[in-house]
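The values are calculated or read from the model by the stated rules, or taken from the named source; none is laboratory data. These figures come from a predicted structure and were not determined experimentally. Don't worry about glycine lacking a Cβ; one is built from the backbone with ideal geometry, like all the others, and counts go over all protein chains shown. The area values use the complete protein model at the heavy-atom level, side chains included, leaving out ligands, DNA and RNA. Shrake-Rupley method; radii C 1.70, N 1.55, O 1.52, S 1.80 Å.
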Amino acid sequence: MNGQVIMKPYVIGLDLGGTNSVFGIVDSRGEIKATTAIKTGGYPSAESYVDACVEALQPIIEEVGGIDTIKAMGIGAPNGNFYNGTIEYAPNLPWAHDTIVPLAKMFSDRLSGIPVALTNDANAAAIGEMVYGVARGMKNFIVITLGTGVGSGIVVNGQLLYGSDGFAGELGHVTMVRGEEGRSCGCGRTGCLEAYCSATGVARTARELLAKTTRPSLLRDMNPENITSLDVSIAAGKGDELAKEIYEFTGKMLGEACADFAAFSSPEAFIFFGGMVKAGELIMKPIREAYDAHVLKIFRGKAKFLVSGLDGASAAVLGASAVGWEV
């Protein structure tokens, strides 16, 4: 083991989500030694967001011995460009919605010049699954993250798919509903998978169904604008028929999308990650059924449908940290 590894045994991993930013200080064995988190939104600029992050990081950096013990930082972020270290026109980040943010450089400048690498958040989750989770030993799989948005990390022949510009694999923005009926998406287009199958999309489906019907539902006891995907999951778990229909609709669309995705990479597995998968079979069963009904015959019966083997934000934090080790 060389002197640098002994002197700098840790990297910082940042899972930058649309709602929360979760930090972990990770050692070379993949053990998370310290964590902290802040809300991602509510900042008028990228500069003020980075200021808040650095302030939150200081106590856990001191906890592991100070900045001199940190080798590098890795970031998993929406619309993250691995090649340039930038976040570019991220629909769900107010401070990066209409611009290109050189986030890797901004963190490096504020953290004593340590090297900082950045990749797409779903790519980071895929790396985490490949190294530490249910994708260990797999060389062809797709991780689909179901959170504020819908992300995807695609691994082909053991390598992450980045494409010519670093943005390959935006499966959340394939068009599922064409024409005027398609829902508006934060990316500026209409009918995207994300507009229906993200946590925010599930809440939107709930509001639409409640407005269009008079059917009884536990969700009617709530202000429609305050309904979340968790509320839908809880109601469905209590046997609420309308809530179960929402998950049936969501899972069916995801399964149809996966049937299309199989055609270009023939994955060993689709791995689902994020808070929505806590709904379990409520969403996984319609995904599998719709996939089997729509996938090309030569792919039928081959792909596994798995739920992330890592808890909470661990997959993305560990994946981001793995990017940091490579700097």
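To two decimal places, what compactness ratio does the stretch 111-152 give when its Cα radius of gyration is scaled by 2.2 N^0.38 Å?
Numbers: Rg = 12.8 Å, N = 42, 2.2 N^0.38 = 9.1 Å.
Dividing the Cα radius of gyration by 2.2 N^0.38 Å gives 1.40.
Scattering from the C-alpha atoms of the stretch 81-207 alone, worked out with Debye: what is log10 I(q)/I(0) at q = 0.15 1/Å?
-0.80
What lysines could a cross-link reach from Lys33, if we take a straight Cα to Cα line under 21 Å and drop same-chain neighbours fewer than 8 places away?
By straight Cα distance, Lys33 reaches Lys8, Lys71.
Can you tally the net charge around Cys197? Count Lys and Arg as +1, Asp and Glu as -1, for every other residue whose Cβ sits under 13 Å from the Cβ of Cys197.
Overall, the nearby charge balance is 0.
Could you calculate the FRET efficiency of Ala293 with Lys8 from 1/(1 + (r/R0)^6), where r is the beta carbon distance between them and R0 is 56 Å, rounded to 0.05?
My answer for the efficiency is 0.60.
With N residues in the chain, what two-decimal value do you get for its Cα radius of gyration over 2.2 N^0.38 Å?
That ratio works out to 1.00.
Would you mind checking the pairs Lys139/Lys278; Lys252/Lys278; Lys139/Lys252; Lys252/Lys297; Lys238/Lys304 and listing those with alpha carbons more than 21 angstrom apart? Display every interim value, and only then the final one.
Working: Lys139/Lys278 26 Å; Lys252/Lys278 17 Å; Lys139/Lys252 27 Å; Lys252/Lys297 18 Å; Lys238/Lys304 28 Å.
Checking Cα-Cα distances, Lys139/Lys278; Lys139/Lys252; Lys238/Lys304 exceed 21 Å.
Output the direction-averaged projected area (hull surface divided by four) of the convex hull of the alpha-carbon atoms of the stretch 1-112, in nm². All intermediate terms of the calculation are to be shown ahead of the outcome.
Numbers: hull surface 27.4 nm².
So the mean shadow area of the Cα hull is 6.8 nm².
Would you mind getting the accessible area per residue of the stretch 1-120, heavy atoms of the protein chains only, 1.4 Å probe, in Å²? Don't jump to the answer; show the numbers that get you there.
Numbers: 5210 Å² over 120 residues.
On a per-residue basis, 43 Å².
How high is the FRET efficiency between Leu230 and Ser48 when r is their beta carbon distance and R₀ equals 35 Å, given to the nearest 0.05? Working shown, then result.
On the way: r = 29 Å, r/R0 = 0.82.
My answer for the efficiency is 0.75.
Which whole-Hz ³J(HN,Hα) couplings does the stretch 293-307 yield from phi under the Karplus relation 6.51 cos²θ - 1.76 cosθ + 1.60, θ = phi - 60°, glycine and proline marked x?
Result, ordered by residue: 6, 10, 6, 4, 3, 5, 9, 4, x, 9, 7, 8, 10, 10, 9 Hz.
What accessible surface, in Å², does a 1.4 Å probe find on Asp165, ignoring ligands, DNA and RNA and rounding to the nearest 10?
Rounded to the nearest 10, that gives 80 Å².
Suppose every Lys and Arg Cβ carries +1 and every Asp and Glu Cβ carries -1, with no other charges. What dipole size does the chain come out with about its Cα centre, to the nearest 20 debye?
Here the chain has a charge dipole of around 780 debye.
How about the stretch 1-107: which GluC sites (Glu not before Pro) there lie in a loop by DSSP and see at most 12 other Cβ atoms within 10 Å? Working shown, then result.
Values: sites: Glu31, Glu47, Glu55, Glu62, Glu63, Glu88; in loops: Glu31.
Taking the stretch 1-107 and a limit of 12 other Cβ atoms within 10 Å, the loop GluC sites (Glu not before Pro) found are Glu31.
Pull out the extension gain between Lys285 and Thr35, defined as 0.36 nm times the separation in residues minus the alpha carbon to alpha carbon distance; nm, one decimal.
Full extension from Lys285 to Thr35 adds 86.6 nm.
Note down the magnitude of the dipole of the stretch 1-138 about its Cα centre, charges +1 on Lys and Arg C-beta and -1 on Asp and Glu C-beta and zero elsewhere, to the nearest 20 debye.
It comes to approximately 320 debye.
Determine, for each peptide in 172-179, 240-247, the mean count of other beta carbons within 10 angstrom over its residues, then list the peptides with the highest first.
So the peptides 172-179, 240-247, ranked by packing, come out 240-247, 172-179.
Per residue, how big is the convex hull around the C-alpha atoms of the stretch 150-198? Give it to me in cubic angstrom, could you?
Per residue, the Cα convex hull of the stretch 150-198 comes to 84 Å³.
What net charge is computed for the residues neighbouring Asp121, neighbours being all others with C-beta under 12 Å from the C-beta of Asp121, Lys and Arg scored +1, Asp and Glu -1?
Spelling it out: positives minus negatives among the neighbours equals -2.
Quick check: net charge around Glu88, other residues with Cβ under 15 Å of its Cβ, Lys/Arg +1 and Asp/Glu -1?
-3
Projecting each Cα onto the charge dipole of the chain (Lys/Arg +1, Asp/Glu -1 at the beta carbon, about the Cα centre), which of Leu118, Tyr247, Thr36 comes out farthest on the positive side?
Of the listed residues, the answer is Tyr247.
Among the aspartates and glutamates, which fall within straight-line cross-link reach of Lys244, defined as a Cα-Cα distance under 20 Å, with same-chain neighbours fewer than 8 residues apart omitted?
Glu194, Glu208, Asp221, Glu225, Asp231, Glu256, Glu281, Glu289
May I ask you to evaluate 6.51 cos²θ - 1.76 cosθ + 1.60, the Karplus curve with θ = phi - 60°, for each residue of the stretch 141-148 and list the ³J(HN,Hα) values in order in whole Hz, giving x for glycine and proline?
7, 10, 9, 10, 9, 10, x, 4
Based on alpha-carbon positions alone, could you give the equivalent ellipsoid semi-axes of the stretch 285-327 from the gyration tensor, as √(5λ), descending, whole Å?
Taking √(5λ) for each Cα gyration eigenvalue gives 32, 14, 7 Å.
Please list, by residue number, every one of the GluC sites (Glu not before Pro) in the stretch 266-327 that is coil in DSSP and has at most 16 other beta-carbon atoms within 10 Å.
Answer by residue number: Glu326.
Using the beta-carbon distance between Glu55 and Phe167 and R0 = 41 Å, what value does 1/(1 + (r/R0)^6) give for FRET efficiency, to the nearest 0.05?
Numbers: r = 31 Å, r/R0 = 0.75.
After rounding to 0.05, the efficiency reads 0.85.
Quick check of the Kirkwood formula: for the stretch 6-66, what is the inverse mean of 1/r over all pairs of different Cα atoms, in Å?
Taking every pair of different Cα atoms in the stretch 6-66, averaging 1/r and inverting gives 12.2 Å.
Modelling each spin label as a point 7 Å along the Cα-to-Cβ direction, I'd like the Ser112/Asn140 distance in nm, to one decimal.
4.6
In the stretch 150-254, carbon and sulfur make up what percent of the accessible area (probe 1.4 Å)?
Of all accessible area on the stretch 150-254, carbon and sulfur atoms account for 51 percent.
Hey, got the dipole for the stretch 252-327? About the Cα centre, +1 on K and R Cβ, -1 on D and E Cβ, debye to the nearest 20?
Around 260 debye, computed over the stretch 252-327.
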